[in-house]
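Report on the following structure.
The values are calculated or read from the model by the stated rules, or taken from the named source; none is laboratory data. Everything quoted here is computed from the prediction, not taken from an experiment. Because the Cβ atoms are built from the backbone with ideal geometry, glycine has one as well, and the counts that use them run over all protein chains shown. Calculation scope for accessible area: heavy atoms of the full protein, side chains included, ligands and nucleic acids excluded. Shrake-Rupley method; radii C 1.70, N 1.55, O 1.52, S 1.80 Å.
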Amino acid sequence: MTIQPAKISVIIPVYNVEKYLSACLSSCVEQTLYDVEFICINDGSTDNSPQILEEFAAIDKRFIIINQENKGISAARNAGLDIATGQYIMFLDADDFLDKNACERVWCESLEAPTDIVVFSTHLFPDNPYPTEWHFSVVNAPTRRYWEFSPNMFFGEKSTRPFIWHQAFKKEILDEHNIRFDDGINLGEDLIFLFKFYPNATYFSFIQDQLYNYRWYRKGSAMHTVLKNMDTKIQQDLETTEVICEYWKQQGWLETYGTEFLQWLIEFIVFSIRSKGVKEHKKLYKLLVEQIKKYELDQYFEDISSAHKKLISSYI
């Protein structure tokens, strides 16, 4: 059985993924680091997923199964966080799988130097359709360490955002600052979580090792569905950035990092507005500007780069 507390807790939300679940859980069983617990949250599945979970739990006592009514991925992850005993927390989506030495590599990295978060690289599959350049840019990390939080690190390193599953988080910081997922948001929840964690951390490790295998395209997935309507997606993105703005305002971080935050916000929303399939351009620009002014970010407009000014100057 797992020695308590575990070195690493892997949290796996499960909802109607019987086609992929066995491969995901098998990658957990095969981990070269034994002292790991696998917390699987059955979020009201109506397919054969619960039976698959029980089969794995019967042969490996490191699997902990939580059954709950369907509440969404954020609530499922929170349920896992509430009982996790690991010193580090990793997240695994049930249609993806881990490299067999993923947990061991993360643990060894934490032993080499003080580490609040380990960011690692990812293998993307399937190859057809082929992943976009953007996907490759955000899931491949460099090899370097940072000894303090800085906007240059957080906004400059593309691999810090927007996904949590290729990062391992120190549980002590999660608990100390009560960092959890927003139950009311199931698209953009990763981004909010990251914007809460990073400024509260001090030591950051980035490694090139591809430890996670991400099924970047799956017909019928939540992301695949939402991308069919870009206007709706951007409005949901603005709801996400509203939560982030509010949290950063409460922490006083908007005053400290206002220029860098404004540049990120403009990039994040405007590039989406300019993408193919968007219909209500003026409406979406108006919503963005309203958010900028609500949080008094327009005071940093003169300090941002000329390229960022150009993206929004005619609307602000």
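Side notes on the structure shown:
- Residues in the stretch 162-167 carry Karplus couplings, in order, of x, 9, 9, 6, 10, 9 Hz; the curve used is 6.51 cos²θ - 1.76 cosθ + 1.60 with θ = phi - 60°, and Gly or Pro positions show x.
- Rel. contact order, % - alpha carbon contacts under 8 angstrom, at least six apart, the stretch 142-201: 41
- The alpha-carbon atoms of the stretch 1-160 define a convex hull whose volume equals 132 cubic angstrom per residue.
- Under the simplified labelling scheme, the Val29-Asp127 pair shows an inter-label distance of 2.8 nm, with each label point 7 Å from Cα along Cα→Cβ.
- Extended-chain gain in nm, criterion 0.36 nm per residue less alpha-carbon gap, Glu54 and Asn186: 44.9 nm
- Convex hull of Cα atoms in the chain, direction-averaged projection (nm²): 15.8
- On Cα atoms only, tilt of 230-251 relative to the major axis of the chain in degrees: 90
- Rounded FRET efficiency, nearest 0.05, which uses the C-beta distance separating Glu18 from Lys294 and R0 of 45 Å: 0.55
- For the chain, DSSP calls about 30 percent of its internal beta bridges antiparallel.
- Convex hull volume of the Cα atoms of the stretch 170-216, normalised per residue: 110 Å³.
- Surface share of carbon and sulfur [accessible, 1.4 angstrom probe, percent] for the chain: 48
- Angle between the chain longest axis and helix 18-29 axis [Cα atoms, degrees, rounded to 10]: 70
- Solvent-accessible area per residue, Å², over the stretch 111-170 with all protein chains present [probe radius 1.4 Å]: 46
- Candidates Asn70, Asn152, Asn101, ranked by Gaussian network fluctuation over the chain, Cα under 10 Å, top entry: Asn152
- Helix 102-112 and the longest principal axis of the C-alpha atoms of the chain enclose an angle of approximately 70°.
- Local net charge near Ala201, Cβ-Cβ under 15 Å (Lys/Arg +1, Asp/Glu -1): -2
- Number of Lys-Lys pairs in the stretch 108-247 with C-alpha atoms under 18 Å apart and a separation of 8 or more places or on different chains: 5.
- Cβ-based net charge around Phe181, under 13 Å, with every Lys or Arg adding one and every Asp or Glu removing one: -2
- Debye equation applied to the C-alpha atoms of the stretch 162-264, log10 I(q)/I(0) at 0.17, 0.18, 0.24, 0.25 Å⁻¹: -0.98, -1.07, -1.40, -1.43
- The stretch 203-316, accessible area per residue, ligands and nucleic acids excluded (1.4 Å, Å²): 54
- Amide N proximity, the stretch 51-87 versus Asp175 label position 7 Å along Cα-to-Cβ, cut-off under 11 Å: 82-87
- Nitroxide proxy distance, nm - points 7 Å out along Cα→Cβ at Glu69 and Arg218: 2.5
- Over the stretch 131-217, the reciprocal of the mean inverse Cα-Cα separation, the Kirkwood hydrodynamic radius, stands at 13.9 Å.
- Between Trp134 and Asn101, the C-beta separation translates, for a Förster distance of 30 Å, into a calculated FRET efficiency of about 0.65.
- Here the scattering of the stretch 227-316 is modelled by Debye summation over its C-alpha atoms, one equal scatterer each and no solvent; at q = 0.12 Å⁻¹ the log10 of I(q)/I(0) is -0.34.
- The calculated 222 nm mean residue ellipticity attributable to helices in the chain amounts to -13000 deg cm²/dmol, summing -39500 (n - 2.57) over DSSP H runs of n ≥ 4 and dividing by all residues.
- The residues of the stretch 1-92 expose, per residue, 41 Å² of accessible area to a 1.4 Å probe.
- Orientation-averaged projection of the stretch 64-135 equals 7.1 nm² [convex hull of Cα atoms, one quarter of hull surface area].
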